[in-house]
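Colleague: Have a look at the structure that comes next, please.
The values are calculated or read from the model by the stated rules, or taken from the named source; none is laboratory data. A quick note: this is a predicted structure, and the numbers were derived from the prediction, not measured. Don't worry about glycine lacking a Cβ; one is built from the backbone with ideal geometry, like all the others, and counts go over all protein chains shown.
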Amino acid sequence: MPELHLKSWRFRAEREQDWRRLDSLLTKAETGGANGLKRDELLEIPLLYRQALSSLSVARSISLDQSLTAYLESLCTRAYFFVYGTRSRLPERLARFFLRDWPASIQALWRETLVAFVLSAVATVVAYVLVRRDADWFYSFIEPAMASGRDPMATTASLRETLYDKPGATESLATFATFLFTHNAQVALFSFALGFALCLPTAALMVMNGGMLGAFLALFASRGLGVEAGGWLMIHGTTELFAIILAGAAGFSIGWAVTFPGERSRVDAAAEAGRRAATAMAGVVCMLLVAGLLEGLGRQLITSDVARYVIAGVMLAAWLTYFYWPRRSEPA
């Protein structure tokens with residue numbers, strides 16, 4: 001026992017100065033932030049951290065007293081989170097996400113976004129043309145349960161009432177609007193989640209959603225309500241449909257990385273694409289929340305077709321500017 005105590009004392013005496021130095025630097029960083037450290041101090045911490053890890057390993061191997069081992073474990077844990085963990089606070093992380101990370105991830109997906117948009121647009125046009133030529137095509141794109149009476153059998157008056165929240169149509173319109181938003185949110189999430197399957201499910205969802213939009217517009221247009229229906233949809237649709245297209249782009253990026261990984265392994269390619277796509281999808285969720293707010297307020301408070309189109313145009317311009325406006329690169 002005296003020999004073990006002597007060994008422990010010598011071990012501590014030879015290294016304690018470095019431990020205390022690391023402890024003081026970490027305390028300074030924890031109280032004042034990393035910005036409070038000088039450049040030399042920032043460079044010193046990783047070196048002292050590795051020395052402390054070595055000391056901890058030795059302390060465990062020669063069974064020194066438990067209090068010393070516990071102290072070194074605590075010290076190494078604190079140093080680990082400083083060296084390898086994030087040091088930004090939540091407000092800083094949120095600001096970085098909205099100012100740089102999210103727009104950068106969307107810009108990186110511009111090719112996939114274009115593909116998702118083209119698929120949706122072509123499906124919309126095809127469905128619109130087919131339904132205008134033959135109303136029976138409507139049921140090929142929209143299930144009767146989803147239509148909730150808004151089908152070729154409905155009267156023009158009842159269709160008009162659904163667009164302006166008139167008495168007798170309030171409850172029905174609210175149910176349909178909620179169902180439509182829930183459906184679009186599901187399409188967005190599934191488009192992303194199923195992208196790994198060689199992009200095929202994502203492409204199918206883009207086509208399906210575009211077909212539903214085209215069939216819906218064709219039905220109202222056949223009754224002379226195309227402009228009115230477009231305003232009712234677009235007041236929140238420019239945000240909601242844009243979110244779906246971005247979700248499809250995120251899914252395409254993962255599927256493309258899995259199918260054509262290049263020189264990387266499929267796992268590495270999918271992981272890299274997944275990180276970028278996950279950032280984009282976190283923002284897509286925010287867009288869906290904004291769309292839900294616009295849909296709720298637009299349905300209840302705004303019945304002017306002009307106002308609806310103005311809001312739709314402003315929102316689309318705002319999203320395009322936010323995502324694609326050139327930003328200064330961060331200093332290295």
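Colleague: How about segment 107-142: which of its residues are exposed (fewer than 15 other Cβ atoms within 10 Å of the Cβ) and of a type in the set (S, T, Y)?
Modeller: Y139, S140
Colleague: Also, I was wondering about something else. Does segment 210-233 contain at least one residue that is closer than 23 Å to V129 by Cα and among the basic types (K, R)?
Modeller: yes
Colleague: Here is a follow-up. Any residue in segment 192-203 that is touching a Leu at 6+ places or on another chain (Cβ under 6 Å), under 23 Å from Y324 (Cα atoms), assigned by TED's automatic domain parsing to the domain that holds D151 and buried (at least 18 other Cβ atoms within 10 Å of the Cβ)?
Modeller: Looking for residues that are touching a Leu at 6+ places or on another chain (Cβ under 6 Å), under 23 Å from Y324 (Cα atoms), assigned by TED's automatic domain parsing to the domain that holds D151 and buried (at least 18 other Cβ atoms within 10 Å of the Cβ), one finds none in segment 192-203, hence no.
Colleague: So, one more: Would you mind listing the helices (runs of 4 or more DSSP H) fully within segment 23-117 where at least 1 residues are acidic (D, E), within 30 Å of the chain's Cα centre (by Cα) and closer than 30 Å to R328 by Cα? Full working, then the answer.
Modeller: Values: elements: 39-61, 66-83, 90-96, 102-108.
Output list reads 90-96.
Colleague: Restricting attention to segment 8-30, and to residues there that are of a type in the set (A, V, I, L, M) and touching a residue at least 12 places away in the same chain (Cβ under 8 Å), which single residue is surrounded by the most Cβ atoms within 10 Å (Cβ to Cβ)? Even if it seems obvious, please write down each step before you answer.
Modeller: Of the residues in segment 8-30, the ones of a type in the set (A, V, I, L, M) are 13, 22, 25-26, 29.
In the following step, the residues that additionally are touching a residue at least 12 places away in the same chain (Cβ under 8 Å) were identified as 22, 25-26, 29.
Working: L22: 22, L25: 20, L26: 19, A29: 20.
Per the stated criteria, the residue is L22.
Colleague: Within the set of pairs 6 or more residues apart or between chains, which connect a residue that is over 17 Å from Y139 (Cβ atoms) inside segment 187-216 to a residue that is among the aromatic types (F, W, Y) and buried (at least 24 other Cβ atoms within 10 Å of the Cβ) with Cβ atoms less than 8 Å apart?
Modeller: G195/F252; C199/F252; T202/F192; T202/F252; A203/F252
Colleague: Do you know which of the residues in segment 65-102 that are of a type in the set (A, V, I, L, M, F, W, C), at pLDDT below 85 and under 22 Å from L42 (Cβ atoms) is surrounded by the most Cβ atoms within 10 Å (Cβ to Cβ)?
Modeller: Filtering segment 65-102 for residues that are of a type in the set (A, V, I, L, M, F, W, C), at pLDDT below 85 and under 22 Å from L42 (Cβ atoms), the one surrounded by the most Cβ atoms within 10 Å (Cβ to Cβ) comes out as F82.
Colleague: Those residues that are within 32 Å of the chain's Cα centre (by Cα) and not hydroxyl-bearing (S, T, Y), I need them from segment 130-143; list them, please.
Modeller: Within segment 130-143, the first condition is being within 32 Å of the chain's Cα centre (by Cα), and the residues that meet it are 140-143.
Scanning segment 130-143 gives F141, I142, E143.
Colleague: R328 - would you say it is part of a loop (DSSP other than H, G, I, E, B) and either surrounded by fewer than 20 Cβ atoms within 10 Å (Cβ to Cβ) or free of Cβ contacts under 8 Å to residues at least 24 places away in the same chain (or both)?
Modeller: Details: part of a loop (DSSP other than H, G, I, E, B): yes; either surrounded by fewer than 20 Cβ atoms within 10 Å (Cβ to Cβ) or free of Cβ contacts under 8 Å to residues at least 24 places away in the same chain (or both): yes.
Considered against the rule, which asks whether it is part of a loop (DSSP other than H, G, I, E, B) and either surrounded by fewer than 20 Cβ atoms within 10 Å (Cβ to Cβ) or free of Cβ contacts under 8 Å to residues at least 24 places away in the same chain (or both), R328 comes out as yes.
Yes/no per residue for (1) closer than 18 Å to L225 by Cα; (2) modelled with pLDDT of 95 or more; (3) of a type outside the set (G, A, S):
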site	(1), (2), (3)
A104	no, no, no
V122	no, yes, yes
Y139	no, no, yes
M146	no, no, yes
G149	yes, no, no
E171	no, no, yes
F181	no, no, yes
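Colleague: G33 is checked against (1) under 21 Å from E92 (Cβ atoms); (2) without any contact (Cβ under 8 Å) to a residue 40 or more places away in the chain; (3) loosely packed, with under 14 Cβ neighbours inside 10 Å; (4) not basic (K, R) and fails just one. What number does that condition carry?
Modeller: Only one criterion in (1) under 21 Å from E92 (Cβ atoms); (2) without any contact (Cβ under 8 Å) to a residue 40 or more places away in the chain; (3) loosely packed, with under 14 Cβ neighbours inside 10 Å; (4) not basic (K, R) is unmet by G33, namely (2).
Colleague: Can I ask one more? Can you go through A270, A317, A291, A243 and tell me which one is crowded, with 16+ Cβ neighbours inside 10 Å, at pLDDT 95 or above and in the same structural domain as A121 (by TED's automatic domain parsing)? Quick ask: steps written out before the conclusion?
Modeller: Numbers: A270 fails: at pLDDT 95 or above; A317 fails: crowded, with 16+ Cβ neighbours inside 10 Å; A291 fails: at pLDDT 95 or above.
Every option except A243 fails the conditions.
Colleague: Kindly indicate whether any position in segment 45-60 is in contact with a Gly (Cβ under 8 Å, 6 or more places away or on another chain) and either loosely packed, with under 14 Cβ neighbours inside 10 Å or of a type in the set (K, R) (or both). Don't jump to the end; show me each part of the working.
Modeller: Initial filter on segment 45-60 (in contact with a Gly (Cβ under 8 Å, 6 or more places away or on another chain)): none.
No, segment 45-60 contains no residue that is in contact with a Gly (Cβ under 8 Å, 6 or more places away or on another chain) and either loosely packed, with under 14 Cβ neighbours inside 10 Å or of a type in the set (K, R) (or both).
Colleague: Kindly provide the set of residues from segment 247-306 that are assigned to a loop (DSSP other than H, G, I, E, B) and either touching a residue at least 60 places away in the same chain (Cβ under 8 Å) or under 21 Å from the mean Cα position of the chain (by Cα) (or both), ordered by number.
Modeller: Matches in segment 247-306: I302, T303.
Colleague: Right, another one. Could you list all residues from segment 223-240 that are buried (at least 19 other Cβ atoms within 10 Å of the Cβ) and among the β-branched types (V, I, T)?
Modeller: Passing the criteria: I235, T238, T239.
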